[in-house]
Amino acid sequence: MTDTIQRRDAATRWIRGAVAAVYCALAVTNFLTLTGTARTVMTLLDVATAALMALATLRPRLAGPGRSRGEWLAFLPVADSVAQVAVTGQLHYSITLMLTLLAIGAAVTSRLIAASAALAGCVGWIATVTSLDHLRVPELGYYSVQMAFAAALGVLLHEALRRRQRQLRAVHEQARTVAHRFEELFKASPTGVAIADGTGCVVSANPAFCALVGRDDVLGADLGPYLAADGSEDGTREVIRPDGSVRWAYLTVGNSEVGGQPWTLVQLQDITDRHLAEEAVRDSDRLLAAVAAAARRIRTGEDARTTIVAAIQDLAAADNVTLLEPPPTGPPRELVATIATGADVLGTRVPLDGPSMIAHTYRSAEPVFIADADGDPRVSAALLRLVQSRSMLWQPVIAEGRVIAVLAVGWKRRVDSVSDYRTRAVGLLADETALALEHEKLLRRLEAMAFTDMLTALPNRRAWQETMDRMIARAGQDGAPLTVAIADLDHFKRYNDTRGHAAGDELLRQAAAAFASELRADDFLARWGGEEFVVALPATGTSPAVEVLDRLRAATPDGQTCSIGVATWNGTETVEQLLQRADEALYTAKNEGRNRIHAIAEALTTRNS
């Protein structure tokens, strides 16, 4: 119990330390990206949050007593996220609060604190958006739905993790019980068992072994006299006791390596009652396999899918296991082998409209076992050649009532039937696979939302900043030119006032699609905000960039026009300075009559602050 508490406290300190590091980085980011009062307030809030988290990491007792000690700190990230929306006045920062609610659902163990933090975040967000008039924009409804969804998902994630923790505790207790029973079985086993280290010195022996060899001082003795003279690892042999009496025993020797050290397990079975002895060996083997499988599952920490497939192979005593998933985009028309062990089938594609057993399992959502797969017309002969299996099991992976993948399990030997133990093991790990795949899909969706403009589906300002950092670094390394431009739709406010905001939104979507169609493969287009778009043209000087951008200007939809400011990186300026020059060029184009491109040549002079 003490070890469990220590591990839990260590995990809690790690989480708090990680959160402190994240908020240190966030403080630096906000200091560099925000301006005015927003920069001051958010930087101070981030620093305060990081400091409190770091203090709770270094001095856990200051966080409070009890099992949920310090979990009240979960309110700090919530308050910080709500404050960021209120202080900056930017609705898209609501995504930070959504991610915070999800993180709290996963990290906080107290149901009351998790629910209170989620409720406080939602109430704070609602109060913020209702009190600030400029936040009442058409996107508010979308963010409201997403906020409710994030809060609900955080609660569901919290409850799912609580249930999983209870299950893991139950499994841990079962493993301890099994280990205790194994120790008792080891001592009480009628079969003589001894364990020797790499030097052949006996380190453990049960009473049956001592009784069989007629010695009580086996520990520390050499194992050699009890092994077969010809070095064989199994067979019948003669055991001569110190008193001269002779026993015949069936010898079994097993060698393994644990922690880089070789070990030898010796079993001496009295063949006087062969039937009882063989029964005891089978029970012992089954118990050893169960203990080893449970230990391997507890130690898993690698990629979820790889670990689960390997565990299925072990628990089902299979020769190969393959996980087949549909492609991440588009309707599922085929399954692709993404993880495989025991067979070289990675990348294999199986059409879902064909007669294969994999497609049948995906469509029917029912597991199928075939003992003689090579003689069954429903099984692809090409698949059997790839996996070299005689018996096969196909198990659907189901999440939220639909099949999201298929597990194919194969045995090179003939398996008459799949035992209840194997069926439960494969079924349980199929559920774990579904959870891992759905979690991965959710993280991809949230990441895409954070870097995408919801109206135009273009990359947003955050994505632009990351991309420009890479482009600047690349241009600095290879010396190639880099040109950026800011495109602004002319008279957009008048268009909005005349035709309505819905028409204005549609014009922005059409403009985004039209501009993207005129750019080259390596060019990068993002929505900067309002009616402004930004374009990066790598390895392109001013003159060729103007040619490309003129096509973009001419493609402005619905009879509208746009003005474009252009600036080429001078090799030393920052992204902000480069954009400022492009913005100055844009204002020049506006002042010269709009519907034109203006390229500025002079670089900004950095002033000391």
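The values are calculated or read from the model by the stated rules, or taken from the named source; none is laboratory data. Computed from a predicted model, the values in this text were never measured in an experiment. Positions of Cβ are backbone-derived with ideal geometry, glycine not excepted, and every protein chain shown enters the neighbour counts. Just the protein is used for accessible areas: all its heavy atoms, side chains included, with ligands, DNA and RNA removed. Shrake-Rupley method; radii C 1.70, N 1.55, O 1.52, S 1.80 Å.
Hey, can you tell me all the residues within region 574-602 that are acidic (D, E) and either open to solvent by less than 10 Å² (accessible area, probe 1.4 Å) or over 21 Å from T33 (Cα atoms) (or both)?
Start the filter on region 574-602 by keeping residues that are acidic (D, E), which leaves 576, 583-584, 592, 602.
Result: E592, E602.
Please go through region 389-408 and give me each residue that is on the phi < 0 side of the Ramachandran plot and open to solvent by 60 Å² or more (accessible area, probe 1.4 Å), ordered by number.
R390, I398, R402 - these are the residues of region 389-408 that are on the phi < 0 side of the Ramachandran plot and open to solvent by 60 Å² or more (accessible area, probe 1.4 Å).
Is it true that S81 is crowded, with 22+ Cβ neighbours inside 10 Å and assigned by the TED database to the domain that holds A38? Steps first, please.
Details: crowded, with 22+ Cβ neighbours inside 10 Å: yes; assigned by the TED database to the domain that holds A38: yes.
Against the criterion (crowded, with 22+ Cβ neighbours inside 10 Å and assigned by the TED database to the domain that holds A38), S81 qualifies.
Take the residues of region 119-163 that are touching a residue at least 24 places away in the same chain (Cβ under 8 Å) and not in a helix (DSSP H, G or I): which is most open to solvent (accessible area, probe 1.4 Å)?
The qualifying residue most open to solvent (accessible area, probe 1.4 Å) is P138.
Residues to consider are T338, T306, T329; find the one that is more than 12 Å from V409 (Cα to Cα), open to solvent by 30 Å² or more (accessible area, probe 1.4 Å), at pLDDT below 80 and outside any helix (DSSP H, G or I).
Residue meeting the stated conditions: T329.
In region 464-490, what count of residues is obtained for those that are in contact with a Leu (Cβ under 9 Å, 6 or more places away or on another chain) and open to solvent by 70 Å² or more (accessible area, probe 1.4 Å)?
1
Can you find even one residue in region 173-181 that is outside the structural domain of L508 (by the TED database) and either assigned to a loop (DSSP other than H, G, I, E, B) or more than 30 Å from E257 (Cβ to Cβ) (or both)?
No, because not a single residue in region 173-181 is outside the structural domain of L508 (by the TED database) and either assigned to a loop (DSSP other than H, G, I, E, B) or more than 30 Å from E257 (Cβ to Cβ) (or both).
Report, by residue number, each residue of region 11-52 that is over 21 Å from A103 (Cβ atoms), touching a Ser or Thr at 6+ places or on another chain (Cβ under 8 Å) and buried (at least 17 other Cβ atoms within 10 Å of the Cβ).
Scanning region 11-52 gives L34, A38.
Every residue in region 499-538 that is in contact (Cβ under 8 Å) with a residue 60 or more places away in the chain and assigned to a strand (DSSP E or B), please.
Passing the criteria: F524, L525, A526, R527, W528, G529, F533, V534, A536, P538.
Within region 358-388, restricting attention to residues that are more than 18 Å from K412 (Cα to Cα) and buried (at least 16 other Cβ atoms within 10 Å of the Cβ), which residue is nearest to the chain's Cα centre (by Cα)?
Filtering first and then ranking leaves Y362.
Counting just the residues of region 491-519 that are under 21 Å from A585 (Cβ atoms) and either touching a helix residue (DSSP H, G or I) at 6+ places or on another chain (Cβ under 8 Å) or of a type in the set (G, A, S) (or both), which one comes out most open to solvent (accessible area, probe 1.4 Å)?
The residue in question is E518.
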